[in-house]
Ligand code: NAD
Ligand code: UGA
């Protein structure tokens, strides 16, 4: 029997749920979509008439929300009502690395997923298609099934896996024009119902259907492969710095080989974001749980290389500043884990700053989209020192020129375009001499900066 989808509920109005449902609502005006979240502040922000106050900064998103909100896109904290009314329920809640008990520091914490499944089981009075949108360990659908199929009621649940591949900063474009949409499942009509939704704007040959387990595992594998490319080029960046090779030239030379391809070969201070590390740790944990030690060790190296890259970037600052940064002002330009997002989760900036703070540096942070509170929350979360000490050593400025004034060194940790357009001559004249720049993104122009009198270091040069 074919399914007719009139109402969709999405549990979790975060970086994935928010943009994904906004785009589905825009493309399918006849489907009513309710995004629910237990975080009342987040829902209030999604409902704020001032679109600049949406909880997520993502280019192009506010226009889509403006178009669909109140028409067929709604944001609510009433999770139960939205579940009950929906024909299809997306679960898009967070799946962070576990920070307690078995699998601590490695496994994905599935408590939020399980809570959703139990809530759906408790509330549903009609048949539902339940879609895993969150990134989950392979075989999670089996656990969901056992919760949903043992309610004692006559309600039928069909579980699909539909992992999301959007990247932050380009989420809207990625959703409107995805390389592929992946749908895993067992029930043909349920799969078809979701295919039909995406087919409104995605070519059918880009909509891939697989079994549940391939779909779940493909998501972890995709992130592992992407992160592995970054760690691979970052490992070569260190060799470039020793040998006179230039990592940008090497990346271009290898990337022109169509078998390798040019994307994800940008050397950096290390990858960040909420998912690469979490998903690889999870992959390593799963491999170990099947006693596949070589597989686990192979992927773990991607994380170890990334940790090394962040550490050596900070070490280089300390060594170059005559082996001490104690009491020296260091300006950090960029706190987000990449440009065009206000997300700072696992940002390399946090770890570089923490390392410099261990050496008693005075840190001044500027980021165009990250508020001061967030910087402090990120540092406090590491628990490296008393919160009061962090506040004594760290300042956040809303003005980049202010952040750089009287600094001994500037570290560029996010590739925000605006950094390229600054008046670097003005910055130089207000800094201490020698004036160091450590470019963790190879964003700026060496010749221009050296002419202005800066001492310029870039990753991989
Ligand atoms: P997020 O933390 O931004 O959003 C998750 C939201 O779920 C939070 O607002 C939280 O309050 C809410 N939530 C948790 N449990 C709930 C419950 N029981 N009831 C109601 N609300 C609940 O996370 P995110 O970045 O959107 O990631 C969500 C999932 O998508 C993760 O599994 C992640 O790995 C995956 N993913 C993320 C990205 C990305 O770019 N951020 C991309 C692809 C996949
Ligand atoms: C990544 C994937 O690209 C998405 O496909 C996936 O859906 C998402 O993770 C997820 O599952 O969360 P995202 O983390 O938002 O997306 O951003 P990326 O563009 O992948 O960048 C991740 C990190 O790698 C950033 O810190 C970025 O600066 C760094 N990076 C990326 C490099 O250092 N070099 C590169 O060449 C590319």
Checklist outcome for this item: Counting only residues in segment 73-96 that are away from ligand 1 (no atom under 16 Å from the Cβ) and crowded, with 19+ Cβ neighbours inside 10 Å, the one farthest from the chain's Cα centre (by Cα) is identified as 88
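Filter segment 335-367 down to the residues that are within 16 Å of ligand 2 (Cβ to nearest atom) and in contact with a helix residue (DSSP H, G or I) (Cβ under 6 Å, 6 or more places away or on another chain), then identify the one that is farthest from residue 16 (Cα to Cα). Can you show your working first?
Restricting attention to segment 335-367, the residues satisfying the condition of being within 16 Å of ligand 2 (Cβ to nearest atom) are 335-353, 367.
So of that shortlist, the ones also in contact with a helix residue (DSSP H, G or I) (Cβ under 6 Å, 6 or more places away or on another chain) come out as 335, 344, 346, 348, 350-352.
On the way: 335: 21, 344: 15, 346: 17, 348: 21, 350: 23, 351: 25, 352: 27 Å.
Selected residue: 352.
Can you name the helices (runs of 4 or more DSSP H) wholly within segment 375-461 that have at least 3 residues being surrounded by fewer than 21 Cβ atoms within 10 Å (Cβ to Cβ), touching a helix residue (DSSP H, G or I) at 6+ places or on another chain (Cβ under 6 Å) and modelled with pLDDT of 95 or more? Before you say what the answer is, go through the steps one by one.
Details: elements: 387-393, 400-404, 424-429, 446-451.
By residue number, 387-393.
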Item to check | Residue tally, condition out of contact with any strand residue (DSSP E or B) (no Cβ under 7 Å at 6 or more places or on another chain) and within 16 Å of ligand 2 (Cβ to nearest atom), over segment 93-108 | outcome: 2
Next on the checklist: Need the failing condition index for residue 8 against (1) in contact with a strand residue (DSSP E or B) (Cβ under 6 Å, 6 or more places away or on another chain); (2) within 16 Å of ligand 1 (Cβ to nearest atom); (3) part of a helix (DSSP H, G or I), just the number.
Outcome noted: (3)
Checklist outcome for this item: Flagged in segment 404-456 as under 27 Å from the mean Cα position of the chain (by Cα), in contact (Cβ under 8 Å) with a residue 60 or more places away in the chain and under 21 Å from residue 363 (Cβ atoms), in numbering order, are 410, 411, 412, 413, 414, 415, 416, 419, 438, 440, 441
Checklist entry - Failed condition for residue 148, given (1) away from ligand 1 (no atom under 16 Å from the Cβ); (2) more than 23 Å from the chain's Cα centre (by Cα); (3) buried (at least 16 other Cβ atoms within 10 Å of the Cβ), with all others met? => result (1)
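For residue 260, are the conditions met, namely being more than 17 Å from the chain's Cα centre (by Cα) and either within 9 Å of ligand 2 (Cβ to nearest atom) or over 18 Å from residue 137 (Cβ atoms) (or both)?
Values: more than 17 Å from the chain's Cα centre (by Cα): yes; either within 9 Å of ligand 2 (Cβ to nearest atom) or over 18 Å from residue 137 (Cβ atoms) (or both): yes.
Considered against the rule, which asks whether it is more than 17 Å from the chain's Cα centre (by Cα) and either within 9 Å of ligand 2 (Cβ to nearest atom) or over 18 Å from residue 137 (Cβ atoms) (or both), residue 260 comes out as yes.
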Next on the checklist: On the basis of being under 26 Å from residue 115 (Cα atoms), within 25 Å of the chain's Cα centre (by Cα) and either more than 16 Å from ligand 2 (Cβ to nearest atom) or without any contact (Cβ under 8 Å) to a residue 12 or more places away in the chain (or both), does residue 40 make the cut?
Outcome noted: yes
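Please report, ordered by residue number, the helices (runs of 4 or more DSSP H) entirely within segment 247-333 with at least 3 residues that are under 20 Å from residue 442 (Cβ atoms). Can you show your working first?
On the way: elements: 247-255, 276-289, 293-320.
Once the helices (runs of 4 or more DSSP H) in segment 247-333 are filtered for at least 3 residues that are under 20 Å from residue 442 (Cβ atoms), what remains is 247-255, 293-320.
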Item to check | Which listed residue, of 369, 329, is within 26 Å of residue 95 (Cα to Cα) and touching a residue at least 24 places away in the same chain (Cβ under 8 Å) | outcome: 369
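Against the definition (assigned by TED's automatic domain parsing to the domain that holds residue 138 and closer than 30 Å to residue 91 by Cβ), how does residue 279 come out, yes or no? Write out each step before concluding.
Details: assigned by TED's automatic domain parsing to the domain that holds residue 138: no; closer than 30 Å to residue 91 by Cβ: yes.
Here the answer is no, as residue 279 does not meet what is asked.
In the list 84, 30, 63, which residue meets the criterion of being at pLDDT 95 or above and not in a helix (DSSP H, G or I)?
Numbers: 84 fails: not in a helix (DSSP H, G or I); 63 fails: not in a helix (DSSP H, G or I).
Selected residue: 30, the only one of 84, 30, 63 that is at pLDDT 95 or above and not in a helix (DSSP H, G or I).
The values are calculated or read from the model by the stated rules, or taken from the named source; none is laboratory data. Computed from a predicted model, the values in this text were never measured in an experiment. Methodologically, a virtual Cβ is constructed for each residue, glycine included, from the backbone with ideal geometry; neighbour enumeration extends over all protein chains shown.
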